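Taking it in order: structure first as structure tokens, then the write-up.
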Amino acid sequence: MAEYKTLRQAASDEFTERHSRFIGYARPVSTEEDAVSFINEIRQKHWDASHNTYAYILRENGAMRYSDDGEPQGTAGLPILEVLKKSGITDAVVVVTRYFGGVLLGKGGLLRAYSHGAAIAVNKAEPVIMRKCLLTEFSCDYGAYGRVAALVPSHGGVMDDTIYTDCVTLRFHIPEEDFPRLQKELTEASSGQIEIKINGEKFFEFLEDF
């Protein structure tokens, strides 16, 4: 997988619907253990709530779980899960807590309320694209530095470090799909004198508008 969408941070938001208080919590996670731990944390925090419903989706083993926690079947956990699925978000868990306000919302009302609770929490947690990038570096002399360094960001690379010794070493990460184009440009710009070294790969965050 070259990229996936997840959440940038843990966040929460809330609203009131016909006297019932709904609090949505969202958090990035990478394992089922992390997801369950977060769900239990919210349950302990809101031990007196009417319901603590949840859903999570993970890349690990394609895990996908949800719970209505006592609400009518399919009216809470499933709509939360659908918010994650429709947004294309994975490695994330959402819990929506409800304090019953004395007025029944009906099935349609519950579906809308839990969907909204999940959506506002996910929005606050800031969806991001995680792209697999190559960890790379190259060295050049000071005379070529300004010219070749400018090629890195213009071809999708992001600088991580610059080391000044008898030459200049630039360390950066770049999406896999952008690497061949940068390699070609550097080769042409340096008449074949600059070689890019690949030190590994890692997922990095790229903000996008959703």
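The values are calculated or read from the model by the stated rules, or taken from the named source; none is laboratory data. Predicted, not measured: the structure shown is a model, and the values here were computed from it. All Cβ positions, glycine included, derive from the backbone under ideal geometry; neighbour counts span all protein chains shown.
Side notes on the structure shown:
- Candidates V158, V128, V168, V122 - the one that is touching a His at 6+ places or on another chain (Cβ under 7 Å) and among the β-branched types (V, I, T): V158
- Residue within the range 3-15 that is in contact (Cβ under 8 Å) with a residue 24 or more places away in the chain, more than 14 Å from the chain's Cα centre (by Cα) and over 15 Å from I80 (Cβ atoms) present: no
- Of the residues D48, D68, the single one that is of a type in the set (D, E, K, R), in contact with a helix residue (DSSP H, G or I) (Cβ under 7 Å, 6 or more places away or on another chain) and farther than 30 Å from D161 by Cβ is D68.
- Test for G200: is it assigned to a strand (DSSP E or B) and not assigned by TED's automatic domain parsing to the domain that holds L84: yes
- Looking only at residues of the range 91-134 that are surrounded by fewer than 23 Cβ atoms within 10 Å (Cβ to Cβ) and among the polar types (S, T, N, Q), we find that the one that is nearest to F203 (Cα to Cα) is N123.
- Residue in the range 72-90 that is surrounded by the most Cβ atoms within 10 Å (Cβ to Cβ), counting only those that are in contact (Cβ under 8 Å) with a residue 40 or more places away in the chain and not in a helix (DSSP H, G or I): T90
- Top-ranked residue in the range 10-42 [being among the hydrophobic types (A, V, I, L, M, F, W, C) and assigned to a loop (DSSP other than H, G, I, E, B); ranked as farthest from V103 (Cα to Cα)]: V29
- Of all residues in the range 94-120, those satisfying the criterion of being assigned to a helix (DSSP H, G or I), under 30 Å from D34 (Cα atoms) and of a type outside the set (A, V, I, L, M) are R112, Y114, S115, H116, G117.
- Of the residues screened, Y56 is not one that is free of Cβ contacts under 8 Å to residues at least 24 places away in the same chain and part of a strand (DSSP E or B).
- Of the helices (runs of 4 or more DSSP H) contained entirely in the range 121-192, those carrying at least 3 residues that are of a type outside the set (A, V, I, L, M, F, W, C) fall at 142-149, 179-189.
- Of residues in the range 26-37 being within 16 Å of the chain's Cα centre (by Cα) and not charged (D, E, K, R), the one nearest to D13 (Cα to Cα): A26
- Of the listed requirements (1) touching a Ser or Thr at 6+ places or on another chain (Cβ under 7 Å); (2) crowded, with 20+ Cβ neighbours inside 10 Å; (3) closer than 28 Å to K107 by Cβ, D69 misses just one: (2).
- Residue match in the range 21-42 (condition: assigned by TED's automatic domain parsing to the domain that holds A118, surrounded by 17 or more Cβ atoms within 10 Å (Cβ to Cβ) and modelled with pLDDT under 95): no
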